[in-house]
Amino acid sequence: MPPGGGDVDPGRFFRHIFTGRVAVSAAFPAATLDAIERAVSEAEATHTGQIRVVIEASLDGPRLWADETARERAAEVFSLMRVWDTEDNNGVLIYLLMADRDVEIVADRGIHAKCGAQAWEAVCREMEQHFREGRFEEGALAGVRAVGAHLARHYPGSGVRGNELPDRPALL
């Protein structure tokens, strides 16, 4: 039995084994990554928060064996990417696990206390709907804009503090 306590789903296992960098590159070519980077920069010009987009192709064998969820991995990535380390505790991670077509948003305590889980869940569902239709750029841009709107509402400003996190999406 896997450490996660359940049987490994064979369908999920094979999706993760066969989803790699090629799938990410097909869904998120350089022009799309450029568009996402611009959208993050534009959004951050309207508030003092920080948005970090991370796209991961798949989980490795030990993570699959442990039945790690996209949410668990997103929380780990939130820490690894230091999204929690913003001056006003208003960093937001938009995490996409391609093999599962799952979007997770992890928000630092400052902005999460103002928006709540329902707001983030609505953004995730909108992005996932675009992704199911194969519209990856539109989904990512919609997510960045929606997160940016929440940040602008609760942390308005010109973003003059400086960029605390990279705007370019990270590919894992």
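Only one of the listed residues (26, 43, 31) is within 21 Å of residue 130 (Cα to Cα), in contact with a helix residue (DSSP H, G or I) (Cβ under 6 Å, 6 or more places away or on another chain), of a type in the set (A, V, I, L, M) and part of a helix (DSSP H, G or I). That residue is 43.
Is there a residue in the range 121-142 that is outside any loop (DSSP other than H, G, I, E, B), surrounded by fewer than 16 Cβ atoms within 10 Å (Cβ to Cβ), at pLDDT below 95 and touching a Pro at 6+ places or on another chain (Cβ under 9 Å)? Scanning the range 121-142, I find no residue that is outside any loop (DSSP other than H, G, I, E, B), surrounded by fewer than 16 Cβ atoms within 10 Å (Cβ to Cβ), at pLDDT below 95 and touching a Pro at 6+ places or on another chain (Cβ under 9 Å), so the answer is no. Screening the range 40-65 for residues that are under 20 Å from residue 162 (Cα atoms) and among the hydrophobic types (A, V, I, L, M, F, W, C) and picking the one that is surrounded by the fewest Cβ atoms within 10 Å (Cβ to Cβ) gives 45. With respect to the numbered conditions (1) of a type in the set (S, T, N, Q); (2) free of Cβ contacts under 8 Å to residues at least 60 places away in the same chain; (3) surrounded by 15 or more Cβ atoms within 10 Å (Cβ to Cβ), which one is the sole condition not fulfilled by residue 32? Unmet for residue 32, out of (1) of a type in the set (S, T, N, Q); (2) free of Cβ contacts under 8 Å to residues at least 60 places away in the same chain; (3) surrounded by 15 or more Cβ atoms within 10 Å (Cβ to Cβ): (2). Within the range 69-103, being surrounded by 23 or more Cβ atoms within 10 Å (Cβ to Cβ) and more than 21 Å from residue 17 (Cα to Cα) holds for 83, 90, 91, 92, 93, 94.
Here's the yes/no breakdown for (1) of a type in the set (Gly, Ala, Ser); (2) modelled with pLDDT under 90:
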| residue | (1), (2) |
| --- | --- |
| 6 | yes, yes |
| 9 | no, yes |
| 19 | no, no |
| 25 | yes, no |
| 36 | no, no |
| 46 | no, no |
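Filtering the range 94-118 to residues that are in contact with an Asp or Glu (Cβ under 8 Å, 6 or more places away or on another chain) and assigned to a helix (DSSP H, G or I) leaves 98, 110.
Among the numbered conditions (1) surrounded by 14 or more Cβ atoms within 10 Å (Cβ to Cβ); (2) among the charged types (D, E, K, R); (3) not in a helix (DSSP H, G or I), the only one that residue 37 does not meet is (3).
The values are calculated or read from the model by the stated rules, or taken from the named source; none is laboratory data. From a predicted model like this one, the values you see are computed outputs, not experimental measurements. Methodologically, a virtual Cβ is constructed for each residue, glycine included, from the backbone with ideal geometry; neighbour enumeration extends over all protein chains shown.
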